[in-house]
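These notes are about the structure you will find just below.
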2 protein chains.
Amino acid sequence: MLVKEYCKKSNTFFGIKCQKLLYSTKSKFQKIKVYSSKTFGNVLMLDDCFMITEKCSDHYHDECLRLIDLKNNKMKVLIIGGGDFGLVKKISKEKSFSKIDVVEIDDKIINTCKKYFKNNFKFNSSIKNKVSIYIDDGYEWVKKKNNLKYDVIIIDCTDPNPIAKKLYSNIFYKNINYILKKNGIFIQQSGSPVIDYKKIIKPTIKKLKNNNFKKIIISAFHMPIYPLGLWSFIKSQKP
Amino acid sequence: MLVKEYCKKSNTFFGIKCQKLLYSTKSKFQKIKVYSSKTFGNVLMLDDCFMITEKCSDHYHDECLRLIDLKNNKMKVLIIGGGDFGLVKKISKEKSFSKIDVVEIDDKIINTCKKYFKNNFKFNSSIKNKVSIYIDDGYEWVKKKNNLKYDVIIIDCTDPNPIAKKLYSNIFYKNINYILKKNGIFIQQSGSPVIDYKKIIKPTIKKLKNNNFKKIIISAFHMPIYPLGLWSFIKSQKP
């Protein structure tokens, strides 16, 4: 079976030949589907968009990790979204840290990925003790947690759809600023440089500047399963 | 209508929503099709693979041009393949040169592109006088032309299918060496770093080394309309 994602901004399709639909559900927030495939292993789709695969396309997490270039082996990390645990797995393998907090709005994502992307959830107990999961709206969570301080904050969310758009707002960046340490790193997934420059990347940079973030860079990277194969993060720093 | 290319190496599809099939023929060498599309303008397919578009995806030619980093405003350029004239157009706009020879095996490519990719063939007469077209098999042409000397030779061909595979052979590289000037640049399109590393990139590098090419680099670049969105050139130099 051909499972495909249609990108209406570019009028293009990307498709993966899959063997089987393994799981399909609808949560309060989104449609969740998991397929099995030969090339990519299990494949997660949210609202008919490819999100993560088990094999061959982990450029997204690799690139995000590359941007965490702090020399701090006690770093405290906050991930908003990221319920697939791809990023937690990478950080736990390659970085030294004292704490990772994951704030995921949709517990069904975590439960689905625990079953179909098992490898992302395999940790020894010393790592496990440093990872906390909060099932909550990241926007609201950040607003009320202004007593915490992080070295790294990553927004690993979907594009600014009705659920995620608050995570691209001026007021959210203001609240992020409160809980980020001096010189702390803020990383936001920022869509495709080919099709989202005007509507996501440019306005995000403007809002970050308004909130006094410095050293703002766009980091583009190859992501074969996302529309047109090129994706981006915006990395910035708190002065 | 959805026009799609299936990549059997990765079990993936890429598709473009097109308006109309403008032209379809079969030459002695390949199936040629041209579609019209909203995002990409006219789209050329050879043997059901996307080749070039009028708009939005000229990373291939841009990247090739970036690799021609000679400081020689009288340079002589040879292009094997390239009958779509995308590369000739780019070079003529951005570089200074005394001569471009294009050796294309299939005159139907040139005739089709003259009609449906008109912009690639628009030159003023001073440029026109410096461009020559030879309808010939590039492999044979290079073998017999060992009295010519070029500063830059580019292989702008399809992947090593039955027609193009001679252009990836040891003996071809030996003959290229004869007609390349000292320190001359040789650029070969070398498929996708994701799926063609073992079968195209690695053996090509080995053959270039065997033929004493130096400064061999793989240059990967984003190419949304090619399978999995990442493509490559191998650039090398004659000692």
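The values are calculated or read from the model by the stated rules, or taken from the named source; none is laboratory data. This one's a predicted model, so the numbers in the text were calculated from it and none came from an experiment. Quick reminder, even Gly has a Cβ in these numbers, built from the backbone with ideal geometry, and neighbours come from all protein chains shown.
What the table shows:
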read-out: Single residue of A:ASP156, A:ASP107, A:ASP84 found to be more than 29 Å from A:ALA220 (Cβ to Cβ) and within 17 Å of the chain's Cα centre (by Cα); value: A:ASP107
read-out: Residue within the range A:60-83 that is basic (Lys, Arg), within 16 Å of A:PHE123 (Cβ to Cβ) and without any contact (Cβ under 8 Å) to a residue 40 or more places away in the chain present; value: no
read-out: Residue check, B:LYS93 of a type in the set (D, E, K, R), exposed (fewer than 14 other Cβ atoms within 10 Å of the Cβ), free of Cβ contacts under 8 Å to residues at least 40 places away in the same chain and not in a loop (DSSP other than H, G, I, E, B); value: yes
read-out: B:SER98 away from chain A (no Cβ under 14 Å), farther than 18 Å from A:CYS7 by Cβ, assigned to a strand (DSSP E or B) and free of Cβ contacts under 8 Å to residues at least 12 places away in the same chain; value: no
read-out: Among (1) away from chain A (no Cβ under 14 Å); (2) modelled with pLDDT of 95 or more; (3) in contact with a helix residue (DSSP H, G or I) (Cβ under 7 Å, 6 or more places away or on another chain), the one test that B:LEU167 misses; value: (2)
read-out: Residue check for B:ILE79: modelled with pLDDT of 95 or more, in a strand (DSSP E or B), within 21 Å of B:LYS108 (Cβ to Cβ) and not assigned by TED's automatic domain parsing to the domain that holds B:ASN177; value: no
read-out: Residue count, the range B:36-56 (criterion: at the interface with chain A (Cβ under 8 Å from one of its Cβ atoms) and small (Gly, Ala, Ser)); value: 1
read-out: Check on A:CYS49, under 17 Å from the mean Cα position of the chain (by Cα) and under 27 Å from A:TYR197 (Cα atoms); value: yes
read-out: Any hit, the range A:125-134, residues being crowded, with 21+ Cβ neighbours inside 10 Å, modelled with pLDDT of 95 or more and either among the β-branched types (Val, Ile, Thr) or under 15 Å from the mean Cα position of the chain (by Cα) (or both); value: no
read-out: Condition met for A:ILE187 (over 28 Å from B:PHE14 (Cβ atoms), at pLDDT 95 or above, within 19 Å of the chain's Cα centre (by Cα) and crowded, with 21+ Cβ neighbours inside 10 Å); value: yes
read-out: Considering residues of the range A:202-213 that are within 12 Å of A:ILE187 (Cα to Cα) and in contact with a helix residue (DSSP H, G or I) (Cβ under 9 Å, 6 or more places away or on another chain) only, the residue nearest to the other protein chains (Cβ to nearest Cβ); value: A:THR204
read-out: Checklist (1) modelled with pLDDT of 95 or more; (2) under 15 Å from the mean Cα position of the chain (by Cα) applied to B:TYR150, failing item; value: (2)
read-out: Qualifying positions in the range A:219-239 - away from every other protein chain (no Cβ under 14 Å) and touching a helix residue (DSSP H, G or I) at 6+ places or on another chain (Cβ under 9 Å); value: A:PHE233, A:ILE234, A:LYS235, A:SER236, A:LYS238
read-out: A:LEU2, sole failed condition from (1) within 14 Å of another protein chain (Cβ to nearest Cβ); (2) surrounded by fewer than 16 Cβ atoms within 10 Å (Cβ to Cβ); (3) more than 11 Å from B:PHE13 (Cβ to Cβ); value: (3)
read-out: Tabulated pairs, the range A:145-156, first under 11 Å from A:ILE80 (Cα atoms), second polar (S, T, N, Q), C-beta under 7 angstrom, 6+ apart or interchain; value: A:ILE155/A:GLN188; A:ILE155/A:GLN189; A:ASP156/A:GLN189
read-out: Residue that is farther than 18 Å from A:CYS157 by Cβ, touching a residue at least 60 places away in the same chain (Cβ under 8 Å) and among the aromatic types (Phe, Trp, Tyr), where the choices are A:PHE50, A:PHE40, A:PHE29, A:PHE13; value: A:PHE40
read-out: The range A:6-35, subset at the interface with another protein chain (Cβ under 9 Å from one of its Cβ atoms) and among the small types (Gly, Ala, Ser), residue farthest from A:LYS108 (Cα to Cα); value: A:SER10
read-out: Output for the range A:94-109, where each listed residue is touching a helix residue (DSSP H, G or I) at 6+ places or on another chain (Cβ under 9 Å) and not acidic (Asp, Glu); value: A:LYS95, A:PHE97, A:ILE100, A:VAL102, A:VAL103, A:ILE105
read-out: Single residue of the range A:197-239 satisfying the filter (buried (at least 20 other Cβ atoms within 10 Å of the Cβ) and within 21 Å of A:LYS181 (Cα to Cα)) that is nearest to the chain's Cα centre (by Cα); value: A:PHE233
